[in-house]
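The values are calculated or read from the model by the stated rules, or taken from the named source; none is laboratory data. The structure displayed is predicted, hence computed values, not measured ones. All Cβ positions, glycine included, derive from the backbone under ideal geometry; neighbour counts span all protein chains shown.
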Amino acid sequence: MKEIFLLSFLTIAMTTQAQVYRERIGFDLESIAEINIGWIKIHDHPIPPTQKTLGTRVYSAKQIGYSQQFVEWMQQSYVPKGCLGSAAYYQNAIPKFSGTNSRLGNAIDEHLGALPHMYGAFSKMYMFLKKDENGKFVPQNNFAANWHIEVNQLQWISKPVSFISSADEYYFVIPDFSGNSKGYSYDDKAASNLVGFDKYFKAYKHFYIPPKIVRDDQQYVVIMSKDNELPFEKVTVGEFFTQVEKQLSVWQKIDPVSAENYLLAQKSLARLKEKYKLKWNDIAEIKLSNSQISLQDFVNAKEGDTDIFDNRNIYGKEETIPTFSILKVKKKALALCKTDQPQWLVIRWTMGMPNASFNKYLHESIMNNFNFDYVYNYFFGKNKVAEVYKPLGSPTGN
């Protein structure tokens, strides 16, 4: 018995001694990697949810209740290891005009008002920690990995095509390289299947978003919808140019060019419409780099130069760069997003530090413990799920 006690004491002592703290940075990540630090607070939401209003958006009590459930499901499925977790729920409000923002910034923010009615939950896993006066781990700074469960999420899994978007219509591309004929680059291919991610979610649409495309950190995305049919429609070349024609004068007010250049932009648009008139009903596909079109792009679109739909190199040969369809949410689905029935559900998480133990553990815990099938059946199954949520595996790994 004495030997067992001594061994336990030495193990604790060694673990404590191994915790390396760096001034203004926090504990060395690997020195606390094996500690189940857990959550700042466990939420059980004993009080019935109530309706909430943000700007002109009204979130029903049921929608708030779903968001609270997401928080509980996250915490039941994962205990932060080597990091400190914080969870909450939120909704998307229509952005307000800001006097400190630029005209361009306010215009792009205005487009966010056309995003679907969205609500959900998030968890932040703080990786750089210190200890307070009571010896408890607390965040050293705001750097964190993130896990989200969201109803009707679009903004953070897509890139907006801002030039043709407005407060009434949001045009976008989804950077799903897994569903693209040209696929991932060599460097991204391995990351896209980390711990078997690509093979694990065959039942649901899923894909990996490399870093710096939508967010700074790379993301793993799983999307659920009724019969796996997303309520998006592909935009034609004709609709694209029709929207450009409508928005040309709008952008001249927001981000103006000289009168001479504005005339050049109009002439370029007329030439491009003529060039693509035989492809008017084709699906509009663009490279990700072309999603952020500006008025200056039409000024520069001279005859003989490449344009937004070109995917050829200087030698006239087809490029290997992937192109993606321009999309919009179907009008009926956009209206239904305001109801209590989700139109689609997004589960996504970041891997900003894929080589760090805490981030690997988060990735593995979500894949192995979170009950994706339960969630699908709860919202999209033929029969309403009656039993309470249970994770597939132990959140502590035991």
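List of remarks:
- Qualifying residue in the stretch 378-386 (condition: in contact (Cβ under 8 Å) with a residue 40 or more places away in the chain, assigned to a helix (DSSP H, G or I) and over 19 Å from the mean Cα position of the chain (by Cα)): yes
- For the residues T339, T306, the requirement of being more than 24 Å from the chain's Cα centre (by Cα) and either under 30 Å from G38 (Cα atoms) or free of Cβ contacts under 8 Å to residues at least 12 places away in the same chain (or both) singles out T306.
- Given (1) part of a loop (DSSP other than H, G, I, E, B); (2) in the same structural domain as Y78 (by TED's automatic domain parsing); (3) touching a residue at least 40 places away in the same chain (Cβ under 8 Å); (4) not aromatic (F, W, Y), index of the condition R348 fails: (1)
- Of all the residues in the stretch 82-97, those that are closer than 16 Å to K131 by Cα and in a loop (DSSP other than H, G, I, E, B) number 2.
- For S258, the conditions (1) closer than 21 Å to K159 by Cα; (2) more than 29 Å from the chain's Cα centre (by Cα) all hold with the exception of (1).
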